[in-house]
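Heads up, the thing below is written out as structure tokens.
The values are calculated or read from the model by the stated rules, or taken from the named source; none is laboratory data. In this text the structure is predicted, and so the values were computed from the model without any measurement. Counting neighbours? That spans all protein chains shown, and the Cβs are built from the backbone with ideal geometry, glycine included.
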Amino acid sequence: MMLLVPSGCALFKKTPPAPATAPSRSPARQHVDAKAQKQYYDLGVQQYSRENYGEAKEAFEQALALGPNTALGVKAHENLKKIERILKTLKEIETK
């Protein structure tokens, strides 16, 4: 994975990370709406426990987008990887 980090150049505009991407390792601090992130993360956990993987995935993607470098962002990313493995397995089972 290639990571480009601007070094003091004001021409680079920070853009929010795309959902379902790996957490950035950039040392830059950004404001995180911790309350909203927790609400999305908790919704993801609820939906995951109900086996509503599509809804869980969407909620975890939102939590990740709000703060990929936070503890909840990292957990959301890990849960997204689990969901992708589950969905892949379910698809393989359906095709048999």
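Quick notes on this structure:
- Every pair of residues 6+ apart whose Cβ atoms lie under 9 Å, when the first sits in segment 83-96 and is within 19 Å of Ala59 (Cβ to Cβ) while the second is among the hydrophobic types (A, V, I, L, M, F, W, C) and modelled with pLDDT of 95 or more: Ile83/Ala56; Ile83/Phe60
- Tallying residues that are farther than 11 Å from Phe60 by Cβ and either part of a loop (DSSP other than H, G, I, E, B) or touching a Gly at 6+ places or on another chain (Cβ under 7 Å) (or both) within segment 31-47 yields 3.
- Candidate set: segment 60-96, residues that are in a loop (DSSP other than H, G, I, E, B) and exposed (fewer than 13 other Cβ atoms within 10 Å of the Cβ); chosen: the one modelled with the highest pLDDT: Thr95
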